[in-house]
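Visitor: The structure under discussion is supplied below as structure tokens; questions concerning it will follow.
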């Protein structure tokens, strides 16, 4: 079964994910080649370090990080 949010990295990337209740769903370094799937209450907020090496998909569709990235850190809210 597909997860609501899917993350994968080609380099180590620090990622924090919080749901609508501000509950931490993930807060750690995701290792190169690792894939993480998460479910939670929307909206889901993510802070992604090393955004250039991270791929994000939401409901099975890719999310473009570049427009939401500053200094290689992406801040994303998924609804």
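Visitor: Could the peptides 12-19, 67-74 be put in order, highest first, of the mean number of other beta-carbon atoms found within 10 Å of their residues?
Guide: Those peptides, ordered most packed to least, come out 12-19, 67-74.
Visitor: Under 10 Å, Cα contacts only: if you run a Gaussian network model on the chain, which one of 49, 37, 60 comes out with the highest mean-square fluctuation?
Guide: Taking springs between Cα atoms under 10 Å, the residue moving most is 60.
Visitor: Which shape class applies to segment 5-78: rounded if a/c is under 1.5, otherwise prolate when a/b exceeds b/c and oblate if not, where a ≥ b ≥ c are the square roots of the Cα gyration tensor eigenvalues?
Guide: rounded
A short reminder: the numbers here are calculations on the coordinates, not readings from a lab. Nothing here was measured: the structure is a model prediction, and the numbers come from that model. Backbone-built Cβ (ideal geometry, glycine too); neighbour counts: all protein chains shown.
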